[in-house]
Amino acid sequence: MPRLLLLRHAKSSWDDEGAEDFDRPLSSRGRRAAPLMGRHMAAHGLVPQKVVCSSARRSRETLAGLLPYLAQDLDLRVTRDLYEASEDRCLDLLRAQGGNARTLLMIGHNPGIQDAALMLVGSGNPSLVDDIREKFPTGALAVIDFDAKRWVDVEPRTGRIVAFFRPRELALVDGVAEEEDE
């Protein structure tokens, strides 16, 4: 049963007004949130065998914050295809890139990550779907399981939402103050 981990990049910085969107780095808050999510993922067995990550700087920096907590070999693909990807493009990428991985992590951007989660989920806790619909903040992670045998067989509305984690909530558990995402 394939498991998809959809992660929106951590909070980016807007300090350099001249920087292209693609080149924006993480903010200090984002640099704290990425390892926090990495620790949480590892502690809960949410460790991917394959990662597909947007090549935008903030996504790569988010991945760098996770990597110390992903204590196994993994297949990693960094691609511009996830930058500004629609939900349909996200589905195409998971089908094409999932391969033999039991768990696939995709690190990307809104609105594509949020829209992909909403398109893929067909069952599970309705309040989690409502939370995703209301807001998929930076650094948040949706965990979606599929009954399909292979990634190429994944279809819209066939996923079951298992969890939705937000850095703000994880920070409260760890005793770290986090501001609400815009």
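The values are calculated or read from the model by the stated rules, or taken from the named source; none is laboratory data. Nothing here was measured: the structure is a model prediction, and the numbers come from that model. Please note: Cβ atoms are built from the backbone with ideal geometry, for glycine as well, and neighbour counts cover all protein chains shown. Keep in mind that these areas ignore ligands, DNA and RNA; they rest on the heavy atoms of the full protein, side chains included. Shrake-Rupley method; radii C 1.70, N 1.55, O 1.52, S 1.80 Å.
So the values come out like this:
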read-out	value
For region 31-42, 3J(HN,Hα) per residue [Karplus equation, 6.51 cos²θ - 1.76 cosθ + 1.60, θ = phi - 60°, Hz, x = Gly/Pro]	5, 7, 6, 4, x, 4, 5, x, 4, 5, 4, 5
Computed over the chain: relative contact order in percent, which uses C-alpha pairs under 8 Å that are six or more apart	29
Amide H partners (placed H, <5 Å) of Thr103, local residues excluded	Arg3, Gln49, Lys50
Amide H partners (placed H, <5 Å) of Gly122, local residues excluded	Thr158, Gly159, Arg160, Ile161
Antiparallel bridges, percent of DSSP beta bridges restricted to the chain (to nearest 5)	40
By average C-beta atoms within 10 angstrom, highest first, the peptides 110-119, 84-93	110-119, 84-93
Separation in nanometres of the label points that stand 7 Å from Cα toward Cβ, at Ala163 and Ala96	3.0
Evaluated at q = 0.22, 0.23 Å⁻¹: base-10 log I(q)/I(0), Debye formula over Cα of region 45-148	-1.35, -1.46
Computed lengthening from Leu74 to Arg60, 0.36 nm per intervening residue step minus Cα-Cα distance	3.5 nm
Theoretical gain in end-to-end length, Tyr83 to Glu134 [0.36 nm per residue, Cα-Cα removed]	16.2 nm
Debye intensity ratio I(q)/I(0), log10, the chain, q values 0.14, 0.16, 0.19 Å⁻¹ (C-alpha model)	-0.68, -0.91, -1.32
Helix-only mean residue ellipticity at 222 nm for the chain, each DSSP H run of n ≥ 4 adding -39500 (n - 2.57), per residue, nearest 500	-10500 deg cm²/dmol
Accessible surface of the chain, 1.4 Å probe, proportion on carbon and sulfur as whole %	47
Where region 38-94 is the region considered: accessible area per residue in Å², 1.4 Å probe	46
Other-chain or far-sequence residues with amide H under 5 Å of Leu76's (modelled H)	Val51
Residue of Lys50, Lys149, Lys11 that the Gaussian network model of the chain assigns the largest fluctuation, springs spanning Cα pairs under 10 Å	Lys149
